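Quick one: the structure is below, questions incoming.
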């Protein structure tokens, strides 16, 4: 086999291995997907053979396909296929390395009071409007109200 | 009187008001027609859900603000201004308003039917219920209230399982992208241009607050739907489609809306003598729902973005021409909001030939309906 063909074969092998790559967070149980904002986690990158992969760039996409979507590179996997990451943006996020990806939820440390207040205002406005519309003061019959 | 510009009519004598046949309807019929109009407000709330991904809570807040500040006052003024300039014009405007109401309800049920076979069955059931309950308006409110109650419970359960912060995070920088459709929904929450204020029995003296009730009910339901959608998104981490349970709830809630559409004008005493008319209207509504859920699904957004604001602008603009004083201001503002919503959310012409054919068919059918009724009404005058 020529050097060029050998190099192509290695490249194809790497691509095919990474094609089945997976991303996971150390310490999370199967099916669990929630991490806390501000608490460091370890992201593991594995290939299709379930071996840890080093030198792979791990990216996070905050709010995927939503308004305010942001993509950041959080690091390159070390010799043990691990990247340390401290999530700062709350909400649904997508961790990606190669072809592997996993969706997680970053729990905020405090409830977003702004959203709660806005929802409360909306509810109050709807309740007040409904009460006024159904039980509001009636004009005298025959008088144009 | 039809088509006269607003600025020419300043200082015109007060238009005569309806005092004869429609005012003779029992007060309970007015109240029940109002309840069914509120069903139309319920039907427009699912229009806000696709906007969540674009700007979070912003569309709901915009729609609520428009509904309270402009929609409800315009609907009150519309219900107060009920003179008919000419039979042909009156029939034409009423037909246009009916098309708007039909499109709102059919679109809401199309979103249910689009989810699969069970959704199609739910949509059929909702239209059948509307046809059966058209002349029993008191019973039409029962499934609607049951649906709203179930939605409140489902929302509470979803909130406990997953707080809905991701989808609800407001992004005010995206306001320009959502203000058109949000403003249109805000006006529709008050049923301006499509409800009893346009088609139903004339307003009894003293009954001036009902449009606010429609706004309250619609805005409350919209808030519940938005929160529930956000909670389900959070629980599924943004993957997967909607829940069939919500489809059931929506179908129940829309039973009163289908009843309102099946009963043209809220004249229930006439319906008992014309069941074929009710069935025909419900059949057309079902066909439109299934068409919008199937081959016309790609143009559903286009129809909603163009037809609904156009219907509202025409209706409120025509009413403004007959009104005076503060009512004219409120109606003019409402027509302006609908027009701006149409311009802001203009989606462009369809890209595919089949979509263009579907839109053309809808336009032709609507024109035929309006023109036929206007001509027949003019001949009978």
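Output the number of residues of the range A:100-112 satisfying the condition of being away from chain B (no Cβ under 11 Å) and not in a strand (DSSP E or B).
Here the count works out to 1.
Looking only at the range B:317-351, count how many residues are more than 21 Å from the chain's Cα centre (by Cα) and at pLDDT below 85.
4
Among the residues of the range A:132-145, count how many are at pLDDT 75 or above and more than 7 Å from every other protein chain (Cβ to nearest Cβ).
Here the count works out to 1.
Next question, about the same structure. Going by what's in this entry, would residue A:115 be described as within 14 Å of chain B (Cβ to nearest Cβ) and within 17 Å of the chain's Cα centre (by Cα)?
Considered against the rule, which asks whether it is within 14 Å of chain B (Cβ to nearest Cβ) and within 17 Å of the chain's Cα centre (by Cα), residue A:115 comes out as no.
Tell me whether the range B:145-153 contains one or more residues that are without any contact (Cβ under 8 Å) to a residue 40 or more places away in the chain, surrounded by fewer than 18 Cβ atoms within 10 Å (Cβ to Cβ), away from chain A (no Cβ under 13 Å) and over 27 Å from residue B:255 (Cβ atoms).
no
OK, next. Please enumerate the residues belonging to the range B:159-171 that are in contact with a helix residue (DSSP H, G or I) (Cβ under 6 Å, 6 or more places away or on another chain), more than 15 Å from residue A:92 (Cβ to Cβ) and more than 8 Å from chain A (Cβ to nearest Cβ).
Residue satisfying the conditions is B:159 alone.
Quick one: would you say residue B:59 is surrounded by 24 or more Cβ atoms within 10 Å (Cβ to Cβ), assigned to a helix (DSSP H, G or I) and modelled with pLDDT of 85 or more?
Yes: the conditions hold for residue B:59.
So that you can scan it fast, the table gives a plain yes or no per residue for (1) within 13 Å of chain A (Cβ to nearest Cβ); (2) in a loop (DSSP other than H, G, I, E, B); (3) modelled with pLDDT of 85 or more:
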{"position": "B:120", "(1), (2), (3)": "no, no, yes"}
{"position": "B:123", "(1), (2), (3)": "no, no, yes"}
{"position": "B:129", "(1), (2), (3)": "no, no, no"}
{"position": "B:142", "(1), (2), (3)": "no, no, no"}
{"position": "B:178", "(1), (2), (3)": "yes, no, yes"}
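Also: May I ask you to list the residues in the range A:66-95 that are within 14 Å of chain B (Cβ to nearest Cβ), in a strand (DSSP E or B) and surrounded by 12 or more Cβ atoms within 10 Å (Cβ to Cβ)?
Answer for the range A:66-95, where residues must be within 14 Å of chain B (Cβ to nearest Cβ), in a strand (DSSP E or B) and surrounded by 12 or more Cβ atoms within 10 Å (Cβ to Cβ): A:91, A:92, A:93, A:94, A:95.
The values are calculated or read from the model by the stated rules, or taken from the named source; none is laboratory data. For clarity, every value in this text was computed on a predicted model and none was experimentally measured. Cβ atoms come from the backbone with ideal geometry, glycine included; neighbour counts cover every protein chain shown.
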